[in-house]
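Student: Have a look at the structure that comes next, please.
No lab work stands behind these numbers, since they all come straight from the coordinates. Given the structure is predicted, the values throughout are model-derived calculations rather than measurements. Ideal geometry is used to build each Cβ from the backbone, glycine not excepted, and the neighbour counts take in all protein chains shown.
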Amino acid sequence: MADTKPPLLLFSGSSNPKLAEAVAKALDISLGRVLVDVFNDGERRIEIHDSVRGSHCFILQSPARTDVNDHLMELLLMIRTMKRASAREVTVVMPYHPYARADRKMRSRTPISASDTALIIEACGADRVLSVDLHCGQIQGFYTIPVDNLYASGVFARHFAAMAESFDAPVCVVSPDAGGVARAKIFINGLARLGVEASLALVVKQRASAGVIAETTLVGSENVAGSIALVVDDMLDTCGTLCRCTDELLAAGAVRVYAAASHGLFSKDALDKIANSSLVELIVTDTIPLPEGAPDKIVQLSVASLLADAISCVATGQSVSSLF
């Protein structure tokens, strides 16, 4: 009997074409041909120039920063275009999930925007979603279709493990908030597999309002004192939390402070804050393109191989969890 597996086609939106090209290269395929343009009135124009009939189509789009809503609309139109063109399956590869921080009602009469975004994507016909380091795990439950949450911790662990020989002090992994402890533990386990032992500390913060921190408390200061602190987070926006966390760790006796975050949003004056901070190095991935003018202490690592492996697993029916 002939193989009935649908061919794999990878298409890119306009949000992160460089990452899409790197993923296609890792898969040893060419990107699908698509025209993504803007009409004079600002509406998105989409034309798919390859036949997708009977194919398993993967759309890589990472809506973020000031174009988040345009990129999201672009993604929705691409999904609908492929479904109308008889694609067998459409998997959305969304390394950064938009509106992820609005995962619950903080007060009366406010939307749960992460859930509403999931409803729209699913209603447009997406059959599956691949993402990287979702801000909170419950976002997977906002969908009724499968959602694979990939972890960039392995990318970070390999980077810091390669530097470990030059470290002149014990390593302490720090979560900048209580919600990130699980992520920090995954990172610690990744370091351990590479022969680097690390302790754990966390910073508990209380916000006065969105983006404004009223108070922070360091838990595990005995692990921080005399150590090289590695702060691990999922996303960086204005970077106020990270800079304040860095100062607090140094005040608690940390020898040096490094940081790693999956998604670098870098809103407002975030780049200036990082440039003027006491951080030695900040690692981010390419889920979101690095803005122009980023200081040298910001290093970008690629998750292209991770995404390519996950896409290959989905396309061939293998377990995605085997990647971890």
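Student: Over all alpha-carbon pairs of segment 1-67, lay out the pair-distance distribution in 10 Å bins, whole %, shortest bin first.
Tutor: Taking all Cα pairs of segment 1-67, the binned fractions are 18, 45, 27, 8, 2, 0 percent.
Student: For segment 153-302, what is the charge dipole size about the Cα centre, in debye to the nearest 20, if Lys and Arg each add +1 at the Cβ and Asp and Glu each add -1 at the Cβ?
Tutor: 280 debye
Student: Using a/c under 1.5 as the rounded threshold, could you call segment 140-184 rounded, prolate or oblate? The axes a ≥ b ≥ c are square roots of the C-alpha gyration tensor eigenvalues, and prolate needs a/b larger than b/c, oblate otherwise.
Tutor: Oblate, because a/c is 1.5 or more while a/b does not exceed b/c.
Student: Can you find, among Q138, G32, L19, the residue farthest towards the positive end of the dipole of the chain? Put +1 on the C-beta of Lys and Arg, -1 on that of Asp and Glu.
Tutor: Q138
Student: Still on this model: List the aspartates and glutamates whose Cα sits under 17 Å from the Cα of K83, skipping any in the same chain fewer than 8 residues away.
Tutor: Filter leaves E47, D50, E74, E122, D127.
Student: Right, next: Using the alpha-carbon atoms, what tilt in degrees (0 to 90, nearest 10) does helix 304-316 show relative to the longest principal axis of the chain?
Tutor: Roughly 40 degrees between the two axes.
Student: OK, next. Please report, in debye to the nearest 20, how large the charge dipole of the chain is about its Cα centre when each Lys and Arg carries +1 at its beta carbon and each Asp and Glu carries -1 there.
Tutor: 740 debye
Student: Using Cα atoms only, what is the angle between the long axis of helix 153-163 and the major principal axis of the chain, expressed in degrees (0 to 90) to the nearest 10?
Tutor: Its long axis makes an angle of about 50 degrees.
Student: Using mean Cβ contacts within 10 Å as the protection proxy, how do 182-192, 303-313 order, highest first?
Tutor: 303-313, 182-192
Student: Mind pulling the angle between the C-alpha long axis of helix 68-84 and the longest principal axis of the chain? Nearest 10 degrees, somewhere in 0 to 90.
Tutor: The angle comes out at about 30 degrees.
Student: Stokes-Einstein at 20 °C, 1.002 mPa s, Kirkwood radius from Cα pairs: D for segment 153-302 in µm² s⁻¹?
Tutor: 141 µm²/s
Student: Hey, any idea what the orientation-averaged projected area of the convex hull of the chain's Cα atoms comes to, in nm²?
Tutor: 18.2 nm²
Student: Which entries of K25/K185; K18/K205; K205/K273 show an alpha-carbon separation above 25 angstrom in the structure shown?
Tutor: K25/K185; K18/K205
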